[in-house]
1. Scan the range 50-77 and report the pairs whose first residue is under 18 Å from residue 126 (Cα atoms) and whose second residue is basic (Lys, Arg) and in a loop (DSSP other than H, G, I, E, B), with Cβ atoms within less than 8 Å and a gap of 6+ or a chain change.
2. Do we have any residue at all in the range 205-223 that's assigned to a loop (DSSP other than H, G, I, E, B), more than 14 Å from the chain's Cα centre (by Cα), of a type outside the set (Gly, Ala, Ser) and over 30 Å from residue 262 (Cβ atoms)?
3. Looking only at the range 17-51, how many residues end up being closer than 21 Å to residue 312 by Cβ and either among the β-branched types (Val, Ile, Thr) or in contact with a helix residue (DSSP H, G or I) (Cβ under 7 Å, 6 or more places away or on another chain) (or both)?
4. Can you tell me which residue is surrounded by the fewest Cβ atoms within 10 Å (Cβ to Cβ) among those in the range 232-256 that are in a strand (DSSP E or B) and within 17 Å of the chain's Cα centre (by Cα)?
5. Only one residue in 110, 131 is at pLDDT 95 or above and within 19 Å of residue 93 (Cβ to Cβ), so which one is that?
6. Identify the residue in the range 61-95 that is over 23 Å from residue 147 (Cβ atoms) and among the polar types (S, T, N, Q) and, among all such residues, is nearest to the chain's Cα centre (by Cα).
7. Here's a check for you: in the range 287-305, which residue that is buried (at least 16 other Cβ atoms within 10 Å of the Cβ) and not aromatic (Phe, Trp, Tyr) is nearest to residue 242 (Cα to Cα)?
8. Take the residues in the range 20-57 that are surrounded by 15 or more Cβ atoms within 10 Å (Cβ to Cβ) and of a type in the set (Val, Ile, Thr); name whichever of them is nearest to residue 94 (Cα to Cα).
Amino acid sequence: MRKNTLLISTRKGLIVYTKNNSGKWIFSNVHFIGLPVSMFYADRDSGTWWACLDLGHWGNKLHRSVDKGKNWEEVDAPKYPEGVEIKSGVPASLKYLWSMAGANGKLFIGTEPGGLFISEDAGNSFELVKGLWNHPSRMEQWFGGGRDHPGIHSILIDHEDHNHIHVAISCAGVFETTDGGIVWEPRNKGLKADFLPDPNAEIGQDPHLLVACKSNMKVMWQQNHCGIFRSVDGGNNWSDISDKTGEANFGFAIAADPVKEDIAWVVPAISDEIRVAIDNSVCVCRTENGGKSWDTFRKGLPQNHSFDITYRHALDLD
C-alpha cells in the first residue's frame, strides 16, 4: 500500500485499487492479467515498482516499472552460478522469488532454494551473496518446509546501518550479518521446532515471517511454524508469546506497529495440520503489551463458512 493506492499480487495478475474522496476502495487497473504474480515490491528510495511472476513451465520472471506501472520491462531474474549445488550432486537453479528489500542503492532478493541475491545497479544484474550460501550449516541442515527447498521469505535491513541485515529462512531460521553479507550468524536462541529431534536446535527452525518495529529494530517479531515469538535484543534471544489457550498461535502473517514496539497483529489458523480459519471465521489478533495478552477482532471479516487463511506477506499496516 502506498498512500491511496493498494496493489495486490494474485494468481490472475497485479490488481490495483485506489481510494476515492469518500474513502471507498475502487478497482483501478490490472497488470499482467491472467498471469500469477507471486510478489510485488515498491522501492521507496527509487520509486521503482517490481513484479515477480511465477510462470510454472516458463520459470520465474522479473519485471520493473519506473513510472508506477505505465510501462513495464522485463529484466533478467537472478541466476545461480554454474557449479553451485543445493546438495552434493544437485545443481542449484532458481525455483521461486520469495522476497525483496532495498536500501542505499542496493536491492536484495530472497529465493528458493535458499540463495540471497544482491544488485548494486538498479536490478540490471544480480550476484549470489556467497557469505550466506556458503554458511557451513546450509548444505546439511537447511531444508524445505511447504516447498521442496529452503526459501528466504524475509529480509530486514537496518535503516540506520545498511550493512546490518537479518533474513529468515524456511527451514533454517534467522541469520544476521553486520558487514553487508560477508559473515552470517544464526539468531535462533529460544525458538522451538517441535518437528525436529532436538526442538531447541540452532539450525532448522521454521519462521513463517520476520518483521521489526521501524522505530526500534531491535524489537523483532516472527510468526513461526510453532507459535509466535518476540525478541527485544535484535534476535539474540527469542521468547514464545503465543496464546496457547486462545487464537493467536499458528499462522503465517505478522505485522508490527512502526512506532509502538509492544503492538503487533497476526491472522491465525487452526493449526499446522488444519490450515483453515479458526471456527471457519476469519479473525485478526492484536497484542498491545508485547505478547502478554492478545485480543481478537472479527467485525467486518468473513464469519460464515470461511476457510481462508492469510499467508506470509498478505498483512500490511503501511
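1. 60/95
2. No, because not a single residue in the range 205-223 is assigned to a loop (DSSP other than H, G, I, E, B), more than 14 Å from the chain's Cα centre (by Cα), of a type outside the set (Gly, Ala, Ser) and over 30 Å from residue 262 (Cβ atoms).
3. Residues meeting the conditions: 1.
4. So, considering only residues that are in a strand (DSSP E or B) and within 17 Å of the chain's Cα centre (by Cα), the one surrounded by the fewest Cβ atoms within 10 Å (Cβ to Cβ) is 255.
5. The unique qualifying residue is 110.
6. 65
7. Selected residue: 291.
8. Across the range 20-57, the extreme among qualifying residues is 37.
The values are calculated or read from the model by the stated rules, or taken from the named source; none is laboratory data. Computed from a predicted structure; not experimentally measured. Cβ atoms come from the backbone with ideal geometry, glycine included; neighbour counts cover every protein chain shown.
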